[in-house]
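The values are calculated or read from the model by the stated rules, or taken from the named source; none is laboratory data. Quantities reported herein were computed from a predicted structural model and do not represent experimental measurements. Please note: Cβ atoms are built from the backbone with ideal geometry, for glycine as well, and neighbour counts cover all protein chains shown.
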Amino acid sequence: ASAQIGVTGLAVMGRNLARNFARNGYTVAVHNRTAAKTRALVEEFGHEGEFVGAETAEDFVAALERPRRLVVMVKAGEPTDAVIKEFAPLLEPGDMIVDGGNAHFADTRRRERELREQGIHFVGTGVSGGEEGALNGPSIMPGGSKESYEALGPMLEKISAKAADGSPCTAHIGPDGAGHFVKMVHNGIEYADMQLIAEAYQLLRDVAGYSPAEIADIFRTWNTGRLDSYLIEITAEVLAHVDAATGEPFVDVVQDQAEQKGTGRWTVQIALDLGVPVSGIAEAVFARAVSGHKDLRDASRGLAGPKAQPLGKEEASAFADQVEQALYASKIVSYTQGFHEIAAGSDAYDWNVDLGQVASIWRGGCIIRAAFLDRIRAAYDARADLPSLLADEGFAREIGEAQDDWRAVLVAATLQGVPAPGFAAALAYYDALRADRLPAALTQGQRDYFGAHTYRRTDREGSFHTLWGGDRSEVGA
Ligand code: 6PG
């Protein structure tokens with residue numbers, strides 16, 4: 001037994017993670033269901049570090065020093081359970097199984113519980129950064145026991161991305177499913193970021209009249225400011241790309257139907273269960289759904305509406321500045337909503353997640369990495385019990401400064417018939433939170449009218465019901 005860590009499942013994410021461990025000086029046992037992949041990895045990348053190729057599960061387990069650290073990089077769901085079933089009987093108390101896939105946190109909770117009975121630490125771990133991140137430094141979000149982090153943490157810290165200040169983009173998130181929950185919300189925020197950027201693009205194209213190449217330049221400029229982020233950067237690259245076959249902008253030859261593997265949808269499903277308003281993230285998921293309903297869209301093409309009239313040059317440039325404000329303000333809202341969901345999950349499952357730390361380890365390696373996350377970390381550093389990011393003075397000021405332009409962009413979008421559901425949902429959330437009174441009072445009245453569901457009063461304690469079908473006097477409930 002000579003390997004400090006083992007990786008089973010050698011598709012591109014597993015392979016790159018194994019190479020990352022090896023490049024950082026660890027001896028890595030590698031294993032795959034079909035042994036050809038194991039051999040190919042060792043042949044191709046053996047020069048990068050120490051690999052022990054194992055053809056059978058038994059050889060793989062035997063290659064690992066104790067306590068064993070076994071990283072599973074297979075498809076979430078059924079394949080993960082199959083791998084656990086195969087390896088768990090070969091392991092001993094104190095050993096660790098690390099699931100680095102995009103598992104649903106409820107599955108992770110179940111697996112952790114089952115394996116705990118056997119004395120095995122199950123470490124559900126979010127890994128973000130795609131193929132490139134897995135190889136050169138991902139953001140890593142491990143859940144599971146504290147004890148397991150003591151044995152794994154130093155290795156994860158070594159292979160993870162480093163933030164600009166040099167700190168590793170990994171930390172113990174919390175017990176059982178906490179790591180996968182936080183990764184799930186990361187992906188929900190990722191969906192929202194992508195949708196907001198997409199809306200900005202469409203407004204710049206249809207309302208301002210810019211070409212994809214011009215919009216790429218605008219995004220490049222934005223990327224030097226407060227919107228500096230990986231997603232803005234790659235958006236500029238995608239928009240500037242020209243299709244070799246047709247000579248057309250790449251973005252014009254791709255079918256406009258967005259797909260998804262499901263983590264964004266989970267974020268919204270769980271938010272519904274927890275009662276957390278993640279409207280920005282939900283609109284991002286729904287926007288993908290709308291785009292995918294080709295029949296519905298085809299059947300609706302003739303519906304009445306304005307045709308967007310591109311602006312003149314100067315107006316277009318002023319409008320682009322307003323879109324930057326709208327994008328930034330909406331981004332503040334989607335992160336506010338995402339962090340609210342993490343806080344609610346942490347409360348519901350007793351995870352004690354450190355929100356500032358989450359922001360900190362998202363600063364590098366992951367898909368949503370952005371200068372912005374430093375600000376979020378600072379907000380939680382200043383006040384660990386911050387009830388909402390919007391309660392942070394700095395964010396409150398910035399969103400306040402952006403709101404006029406934000407509204408103007410939505411007016412233009414509405415009048416020109418360009419859908420901007422992410423911007424709109426974010427603004428509605430902002431306005432709802434700042435409102436003195438919400439029409440929820442009327443909703444309560446309606447509920448009491450048809451269902452005697454009762455209401456509370458502004459001026460007295462207790463629950464009340466009005467005898468709507470009788471003399472309309474009020475009774476205590
Ligand atoms: C990451 C990504 C990664 C993956 C998503 C894409 O953090 O590295 O989020 O997990 O690319 O699953 O999700 P969709 O296919 O649902 O867009």
TODO: Evaluate the stretch 395-402: report whether one residue or more is within 21 Å of residue 324 (Cβ to Cβ) and exposed (fewer than 11 other Cβ atoms within 10 Å of the Cβ).
DONE: yes
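For the stretch 314-328, state whether one or more residues are outside any helix (DSSP H, G or I), without any contact (Cβ under 8 Å) to a residue 12 or more places away in the chain and more than 16 Å from the ligand (Cβ to nearest atom).
No.
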TODO: Please go through the stretch 351-367 and pick out each residue that is touching a residue at least 60 places away in the same chain (Cβ under 8 Å) and either outside any loop (DSSP other than H, G, I, E, B) or within 17 Å of residue 340 (Cα to Cα) (or both).
DONE: 351, 352, 353, 354, 357, 358, 360, 361, 362
Task: Among residues of the stretch 245-279, those that are more than 16 Å from the ligand (Cβ to nearest atom), closer than 21 Å to residue 202 by Cα and in contact (Cβ under 8 Å) with a residue 12 or more places away in the chain, counted - done: 5
TODO: Give the residue, chosen from 456, 472, 434, that is surrounded by fewer than 11 Cβ atoms within 10 Å (Cβ to Cβ) and modelled with pLDDT of 95 or more.
DONE: 472
- [ ] Run down 218, 270 and say which single residue is touching a Leu at 6+ places or on another chain (Cβ under 7 Å) and not in a loop (DSSP other than H, G, I, E, B).
- [x] 218
TODO: Return a yes/no flag: does the stretch 73-87 have any residue that is touching a helix residue (DSSP H, G or I) at 6+ places or on another chain (Cβ under 9 Å) and within 22 Å of residue 24 (Cβ to Cβ).
DONE: yes
Task: Candidates 461, 398, filtered to the one that is assigned to a loop (DSSP other than H, G, I, E, B) and among the acidic types (Asp, Glu) - done: 461
Task: Count - residues of the stretch 342-367 that are at negative phi and either more than 16 Å from the ligand (Cβ to nearest atom) or of a type in the set (Lys, Arg) (or both) - done: 15
Task: Filtered residues of the stretch 114-158 (kept if within 24 Å of the chain's Cα centre (by Cα), in a loop (DSSP other than H, G, I, E, B) and away from the ligand (no atom under 14 Å from the Cβ)) - done: 143, 144, 145
TODO: Only residues that are over 31 Å from the mean Cα position of the chain (by Cα) and either exposed (fewer than 10 other Cβ atoms within 10 Å of the Cβ) or more than 25 Å from residue 404 (Cβ to Cβ) (or both): list them for the stretch 314-348, please.
DONE: 314
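Listed here are the residues, each with its yes/no results for (1) assigned to a helix (DSSP H, G or I); (2) not hydroxyl-bearing (Ser, Thr, Tyr).
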residue: 19; (1), (2): yes, yes
residue: 38; (1), (2): yes, no
residue: 51; (1), (2): no, yes
residue: 71; (1), (2): no, yes
residue: 75; (1), (2): no, yes
residue: 92; (1), (2): no, yes
Open item on the list: Pairs needed: first member in the stretch 374-386, over 16 Å from residue 362 (Cβ atoms) and without any contact (Cβ under 8 Å) to a residue 40 or more places away in the chain; second member anywhere, of a type in the set (D, E, K, R) and surrounded by 12 or more Cβ atoms within 10 Å (Cβ to Cβ); C-beta distance under 9 Å; at least 6 residues apart or different chains.
Closed with: 382/392; 383/392; 384/354; 386/392
Task: Some residue of the stretch 368-388 being touching a Leu at 6+ places or on another chain (Cβ under 9 Å), in a loop (DSSP other than H, G, I, E, B), within 16 Å of the ligand (Cβ to nearest atom) and closer than 16 Å to residue 191 by Cα - done: yes
Open item on the list: Could you list, ordered by first residue, the pairs with Cβ atoms under 8 Å in which the first is in the stretch 90-117 and farther than 24 Å from residue 62 by Cβ and hydroxyl-bearing (Ser, Thr, Tyr) and the second is more than 16 Å from the ligand (Cβ to nearest atom) and outside any loop (DSSP other than H, G, I, E, B), at least 6 apart or interchain?
Closed with: 108/122
Open item on the list: Please go through the stretch 413-424 and give me each residue that is surrounded by fewer than 21 Cβ atoms within 10 Å (Cβ to Cβ), over 24 Å from the mean Cα position of the chain (by Cα) and either in a loop (DSSP other than H, G, I, E, B) or of a type in the set (A, V, I, L, M, F, W, C) (or both), ordered by number.
Closed with: 415, 417, 418
